[in-house]
Amino acid sequence: MGNYKYDMDNTSPDSTSSKSREKSGPKPKKLVEATYTGIEVGRGERKKVIDPNEVEKLASIGMNDSEISEFLDIDDSTLRYNFKRNLIKGRYNLKSTLRQAQLRLAVEHLNPTMLIWLGKNILSQRESPISEDATRILPFSDDDDTDVVSMDSDLITLDEDVESSTA
């Protein structure tokens with residue numbers, strides 16, 4: 001019923017020899033000392049070496065500055081001062097990855113909501129388009145003979161002939 005390890009000399013499952021009771025499987029891991037490259041930050045006992053690529057990776061998965069500094073056990077100001085470019089690059093990578101995912105969702109899966117949202121935000125499309133002519137001021141006239149309005153360089157001025165005839 002169970003898996004037993006048998007001795008060559010004694011084939012009984014209840015054998016008390018040390019060979020038959022050995023555990024199989026992974027051995028426990030031991031901590032070893034290692035060296036790696038990074039930026040040295042902090043003073044005295046709090047001095048640490050931080051890998052800039054790790055900061056960039058943490059920023060690219062959406063962690064904010066306080067979460068990253070807490071994870072690395074350093075001050076927020078130390079993080080921003082020493083790793084500003086890595087934080088910016090990581091956040092840029094996050095935005096780029098999100099854009100790619102949105103485009104993939106819209107194009108490959110033809111998600112109509114995502115297609116509309118991307119059209120509005122990237123292509124500046126609108127549901128009710130406004131043409132340039134709709135915003136221009138139109139000439140106005142009550143009668144054909146009086147108050148003729150003419151457009152001159154987008155400014156509305158009264159025609160001089162109309163002013164002299166009404167005076």
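Each value in this text was obtained by applying a stated rule to the coordinates, not by laboratory testing. These numbers come from a predicted model, not from an experiment. Quick reminder, even Gly has a Cβ in these numbers, built from the backbone with ideal geometry, and neighbours come from all protein chains shown.
On inspection, residue 125 passes the criterion of being assigned to a loop (DSSP other than H, G, I, E, B) and farther than 30 Å from residue 51 by Cβ. Within the stretch 85-113, residues that are within 14 Å of residue 61 (Cα to Cα) sit with their Cβ atoms under 8 Å from residues that are basic (Lys, Arg), at 6+ positions apart or across chains, in these pairs: 87/80; 90/57. For first residues located in the stretch 53-78 and part of a helix (DSSP H, G or I), partners that are surrounded by fewer than 17 Cβ atoms within 10 Å (Cβ to Cβ) and of a type in the set (Phe, Trp, Tyr) and lie 6+ apart or on another chain with Cβ distances below 8 Å form the pairs 58/71.
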